[in-house]
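Following: one structure in structure tokens, then a few remarks.
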Amino acid sequence: MAGNPESGSEGGASSAGSPALPLASGPKQPPPDLSALQPGRVREPRNWASVSSPLYLGIGVACAIGFFFLLGAAGVYSLSFIIRTLPQGVGPCELSLEFTTFTFLLGFVGAVGLGMVRAHPPQRDPTASRKRLRTRLSWLWRWPLYGFASGYVAAVRGTPFLVQLFIVYFAIIFTFPRFAFLGWDAAYWAGFFALLINTTGYQAEAIRGGLQSVDVGQIDGAKAVGMSRLQTFARITLPQTLRLITLPLTNEWISNFKTATILSVIGIFELFDWSRTDIALTDARPIEAFVLLTIFYLVVNVTLSRVMTYVEKTRRIPGLGSPIPEVGTSKSLLEAGIGAGHY
Amino acid sequence: MSEIRVRGLKKNFGKLEVLRGVDLDIGSGKVLCIVGPSGSGKSTLLRCINLLVMPDEGEIYLDSVALTNPHLRPEWVRQQIGMVFQSFNLFTHLTVKKNVMLALRHAKKIDRAAAEKTAVYQLTRVGLADKMEAYPAQLSGGQQQRVAIARALAMDPKAMLFDEPTSALDPESIHEVLAVMGRLAEEGMTMAVVTHEMGFAKEVADRVVFFDGGRVLEEGSPTEIFDRAGHERTQAFMQKILR
Amino acid sequence: MTGGLPPNGTLSPASPEPGRVTGFRRLLTWRAWSPVVYGIAATVGGILFLIELGNLGVYRLSFALDQVNPLLGGFYTSLEVVAVILSLGFGLGFVVGWARTTRFLILRGLGSVFVDFFRSMPPIALIVFAALIGGIELKGSNLNPYQIHNITLWLGVLVLGFHTAAYQAEIVRAGILSVPAGQTDASDAVGISRIRSMFVVVLPQAFRVSLPALGNEFSSSIKDTSLLYTIGWVEISGAALIQTSFAYTVYLYGSLVIWFEAAFLYFVITYLVTRSVRGIEDLFKVPGLEVAHT
């Protein structure tokens, strides 16, 4: 990528004499040359399996497919059986994806609220006597709200999903044993609800990390030009947060997708249950079952994470975010436990 | 342009007394330079003036308006007094022109065309007419700081505060920023500048204040402070800085 | 309060500086007590509160207390499994993570395959299939069924170890890459060999940086051990499920009580582990470069 001819330091002589760009020119900048912006950047080995270039990615995929056929030919498993049964998995896979995506989207809504509450812990204000009464009384509702949000997040993140699932399942089963809605019975809705609670908690932490990672100097700058707190939030904090949390939230979706397999223990017939029940037990072909499962999961997860890493690396605003997304996770995102490379 | 008066300003951060009773006067159209050792509270003083930090005690007057009045909207105060930071604090996700236009459109509610005209005017004034569609990270330090100055000037403030504007710049860029600030002073802007650039202070400042330990130790004209300082701490500081 | 006591420093002739508070008094006023004291007070207070709720009839206290012993049995098993998995995970994770930062393509490639595979697969599938396939392969050998069952149990644990190793490999790799290249330059400049500088310059810094993320991964892996019941382990979830199977014939919402207690036990393990990691972080702390914790 050639460097943008206008970028880089040119000292003080570039001002009045140089030809002016037409002011109405299109706003799109070409993707910047990232290497110029990071003096002293750490060595990054050219990793064939990371997505530095589509060529390496293509080679990786070809190797994987070749390996798959090789093992099949060697007799470890039966290729024809796998190819025949692959379409059977599409239904359960759809169910898994439904569970994952709907809980993720709904969870995002709640997580935004929780994240915002968690991002601003109420603090003692020594200058309170100089502020209006309405501001001084805000601690009355802010403390309980923050306590609730923190407790919720700690409970969800500190306990295994299995335990959460059983708690929700038993609670719903005993209270509404014959509940049915939109073709799903009580067990399915219990699983949905449990997954929803789980993903809301994790997404809330990612969002909180993103909110707290926005450079405080920019908030100062916005305040200094007289923008109100709401405007600062909407115009400065929020756009930058959304960019910062794209990769962590993708990882959270992938994590959600994997967590959905645990729903099989209460009888939900999703991808893992299909592979275990139908193939491994009924058809007595556990190795083929595992390979089938691997195909589904690798295709979805690896593709998604590679695509997002690629998108994140090439379409970033220059100067925003860390130089190596997997490495330089900001402190707050690290506390949230969701670094960019971690799912 | 307006005059700023500070009376009895005090600020503590926890147990740390940062400002211990500061009295200051900046006359209309005058330039005040604040010098002193690191950690003496100079930045906090500036941040109190435009209410980025709320003082514990004391009053600040802009012309005849008491800025510490709790019924006054801080946003309004900050639109009257512009501030330029040591670390520029430009909005990294916006182009240079949008950086300047943002507050005009959203804080002052000016429509897009007029905001754009003002932005173009201010950016030309600081000499960056050809960089309007660039992103801050693509500019040098001096250019970024000039954008920050343009952003503050676009609000048409009655006074400007500069918090060590050149401390984060390389030597070549320092000159371009000081030139802009000097021109501003000539045009009659009321300015308070915290700086280590003694040359700038000698040439441009009307009054200089030596600030240490949260208070004003000495005050006077540039020649009085730099060449004939009375207080021994002032003399010691000047000996270290001016060589 | 000081009236009557001899001046500081004269109480014990061996004290190094005058004015230093000595012995027992120092122990009483030690600053580090307060988090411990508050922690214990909060836990005891919380437990008393729950017991009081039980006395008031919110739930059946006697039933809840009956569950404690069986669950504790599972608790000790969990501890055992967690210890194995965390050690295996860290050891293997460190090796793989390091391999991914070397300049040998083959090492990086293999490492990437390992990491991608074990991060994409859900742990429950890994556990169940490892045990199933392992069991089937072992049928042909001359081990008795009891031994086979034992081996499959530990196969499940092994595979969980690999799973967490993959995550830890990424964390270790990120830590190593985050040490600025200038550090290696500087150690080159004073004549330290590349290999040695890896051990004395890069790794200490990388380790310090990765500790918080590692602690997080440890707690995540503890939660994954809850899935081991599917292949026959009687750890906390296994014990809880056994109890649940007779619980609702006795008391309808008893299963909720059981699972809340199980959640609490998992909390305890997670707390122990994260606290230890924070203790290690303190050991490696460099003043001025600390990471704040929520």
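Projecting the Cα positions of B:Val84, B:Pro70, B:Leu45 onto the charge dipole of the range B:1-131 (unit charges on Cβ atoms of Lys, Arg, Asp and Glu, taken about the Cα centre) puts B:Val84 furthest along the positive direction. Sorted into 10 angstrom bins from 0, the C-alpha pair distances of the range C:72-198 split as 12, 30, 29, 17, 9, 3, 0 percent.
The angle between the Cα long axis of helix B:96-106 and the longest principal axis of the Cα atoms of chain B comes to about 90 degrees, rounded to the nearest 10.
Overall shape of the range A:194-250 was characterised from the C-alpha gyration tensor. The equivalent ellipsoid obtained from it has semi-axes of 27, 11, 8 Å, in decreasing order.
Angle of helix B:141-154 to the longest C-alpha principal axis of chain B, folded into 0 to 90 degrees and rounded to 10: 80°.
Which net charge results when you count Lys and Arg as +1 and Asp and Glu as -1 among the other residues whose beta-carbon is under 13 Å from that of C:Pro70? Show your work: numbers first, answer last.
Values: positive: none; negative: C:Asp66, C:Glu235, C:Glu261.
Charge balance near C:Pro70 sits at -3.
Each of A:Ser264, C:Ser219, B:Ser64 was scored by other Cβ atoms within 10 Å of its Cβ. Listed from fewest to most, they are B:Ser64, C:Ser219, A:Ser264. The convex hull of the Cα atoms of the range A:79-148, projected and averaged over all directions, covers 7.6 nm².
Quick one: order A:Glu270, C:Glu80 by neighbouring beta-carbon count within 10 Å, fewest to most. Intermediate results must be reported in sequence, preceding the final value.
Working: A:Glu270 23, C:Glu80 13.
Taking fewest neighbouring Cβ atoms as first place, the list is C:Glu80, A:Glu270.
Straight-line reach only, C-alpha to C-alpha below 25 angstrom: list the lysines that B:Lys202 could link to, leaving out same-chain residues fewer than 8 apart. By straight Cα distance, B:Lys202 reaches B:Lys30, B:Lys42, B:Lys158, B:Lys240.
Can you give the net charge of the other residues whose Cβ lies under 9 Å from the Cβ of B:Ala119, counting K and R as +1 and D and E as -1? Could you put the intermediate results ahead of the total?
On the way: positive: B:Lys97, B:Lys98, B:Lys117, B:Arg151; negative: B:Glu116.
In short, +3.
In terms of overall dimensions, the range A:174-298 has a Cα radius of gyration and Dmax of 21.7, 70 angstrom.
Within a 10 angstrom radius of each residue's Cβ in A:234-244, how many Cβ atoms of other chains show up on average? Whole number is fine.
Numbers: counts 1, 9, 5, 0, 0, 3, 3, 0, 1, 2, 0.
For peptide A:234-244, the averaged partner shielding equals 2.
Each residue, C:Ile47 and C:Arg103, gets one label point 7 Å from its Cα in the Cβ direction; the gap between the two is 5.8 nm. Here A:Lys258 is the anchor, and the lysines within straight C-alpha reach of less than 29 Å, apart from those fewer than 8 places off in the same chain, are A:Lys313, A:Lys331, C:Lys223.
The length gained on full extension between B:Arg20 and B:Trp76, counted as 0.36 nm times the residue separation minus their Cα-Cα distance, comes to 17.5 nm.
Taking a ≥ b ≥ c as the square roots of the Cα gyration tensor eigenvalues, with a/c under 1.5 meaning rounded and otherwise prolate when a/b beats b/c, else oblate, which class fits the range B:172-216? It is oblate, given that a/c is not under 1.5 and a/b is not larger than b/c. In this label model, B:Val65 and A:Arg124 are separated by 3.4 nm, measuring between points 7 Å along each Cα→Cβ vector. When the Cα atoms of chain B are aligned to their principal axes, the ranges along those axes come out at 54, 45, 33 Å in descending order. Modelled label positions at B:Thr223 and A:Asp185, each set 7 Å beyond Cα in the direction of Cβ, lie 9.8 nm from each other.
Couplings 3J(HN,Hα) of the range B:162-167, computed from phi: 10, 9, 6, x, 10, 5 Hz, in residue order, whole Hz [Karplus 6.51 cos²θ - 1.76 cosθ + 1.60, θ = phi - 60°; x for Gly and Pro].
Give me A:Thr309, A:Thr101, A:Thr175 ranked fewest to most by other Cβ atoms within 10 Å of their Cβ, as a rough exposure proxy. Spell out each step's value before the answer.
Working: A:Thr309 19, A:Thr101 14, A:Thr175 11.
Ranking A:Thr309, A:Thr101, A:Thr175 by Cβ neighbours within 10 Å, fewest first, gives A:Thr175, A:Thr101, A:Thr309.
Between A:Val109 and C:Val95, how high is the FRET efficiency from 1/(1 + (r/R0)^6) when r is the Cβ-Cβ distance and R₀ = 35 Å? Nearest 0.05. Working shown, then result.
On the way: r = 42 Å, r/R0 = 1.20.
After rounding, the FRET efficiency stands at 0.25.
Given R0 = 25 Å, the distance between the Cβ atoms of C:Val190 and B:Ala168 translates into a calculated FRET efficiency of 0.25.
Please compute the contact order of the range C:136-294 in relative form: average sequence separation of alpha-carbon pairs under 8 Å and at least six residues apart, divided by the residue count, as a percent.
Numbers: 97 pairs, mean separation 34.8, N = 159.
So the answer I get is 22 percent.
Lys and Arg at +1, Asp and Glu at -1: add these up for the other residues within a Cβ distance under 10 Å of A:Gly115 and post the number. Don't skip to the end; give the middle numbers.
Values: positive: A:Arg118, A:Arg208; negative: A:Glu205.
Result for the neighbourhood of A:Gly115: +1.
For chain B, the 222 nm mean residue ellipticity estimated from helices alone, with every DSSP H stretch of n ≥ 4 adding -39500 (n - 2.57) and the total spread over all residues, rounds to -11500 deg cm²/dmol.
Remind me, what semi-axes does the range C:39-78 give for its equivalent ellipsoid, largest first in whole Å, using sqrt of 5 times each Cα gyration tensor eigenvalue?
On the way: eigenvalues 86, 56, 5 Å².
Those come to 21, 17, 5 Å.
Report the residues of the range A:88-120 in range of a label on A:Asp283: point 7 Å along Cα→C-beta, backbone N strictly under 19 Å from it. Only A:88-96 pass the distance filter. If R0 equals 22 Å, the separation of the Cβ atoms of B:Asn12 and B:Ser38 corresponds to a calculated FRET efficiency of about 0.70.
Close amide H partners of B:Phe211, meaning residues 5 or more places away or on another chain with modelled amide H under 5 Å apart, are B:Val35, B:Gly36, B:Leu217. For the range B:64-196, the gyration tensor built on C-alpha atoms gives an oblate shape. Its axis ratio a/c (a ≥ b ≥ c) is at least 1.5, and a/b is not larger than b/c.
When the range B:105-243 is described by a simple charge dipole with +1 on each Lys and Arg Cβ and -1 on each Asp and Glu Cβ, the residue from B:Ser221, B:Val208, B:Ala137 located farthest towards its positive end is B:Ala137. For GluC sites (Glu not before Pro), the sites in the range B:147-243 that DSSP calls loop and that have at most 14 other Cβ atoms within 10 Å are B:Glu187.
No lab work stands behind these numbers, since they all come straight from the coordinates. Bear in mind that the values here come from a model prediction, so they are computed numbers and not experimental data. All Cβ positions, glycine included, derive from the backbone under ideal geometry; neighbour counts span all protein chains shown.
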